[in-house]
Amino acid sequence: MTTESCESCGCPVRIAGGIGDFWSFTSEPTGGLTLEFEDGTEVFLCNDCLSQLPDDRELSRDDITTLWRWSRYRERILSWDKLR
């Protein structure tokens with residue numbers, strides 16, 4: 001099994017296929033997707049972060065930046081709650 005980190009939230013995401021799955025006979029799907037923009041840049045996001053993106057228009061780098069900022073903000077809030 002191979003994993004890759006989500007570029008928004010940092011969570012490890014399972015990548016399906018490859019030699020690791022061949023021997024374990026695992027048939028679970030990949031837990032994320034790589035988005036490629038017109039300028040050639042790519043961003044790998046987990047399914048949870050993908051579900052937070054707008055689906056009523058074409059995505060832009062601004063959408064990814066907003067998602068990244070929200071993930072960092074959410075991470076700080078959760079860490080503050082643990083301190084209480």
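The values are calculated or read from the model by the stated rules, or taken from the named source; none is laboratory data. Computed from a prediction, not measured in an experiment: that's the story for all the values here. Cβ atoms come from the backbone with ideal geometry, glycine included; neighbour counts cover every protein chain shown.
Table for the structure above
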| quantity | calculated |
| --- | --- |
| Residues being charged (D, E, K, R), surrounded by 15 or more Cβ atoms within 10 Å (Cβ to Cβ) and at pLDDT 85 or above - total across the range 15-57 | 1 |
| Enumeration of residues in the range 48-62 that are in contact with a strand residue (DSSP E or B) (Cβ under 7 Å, 6 or more places away or on another chain) and in contact (Cβ under 8 Å) with a residue 24 or more places away in the chain | L59 |
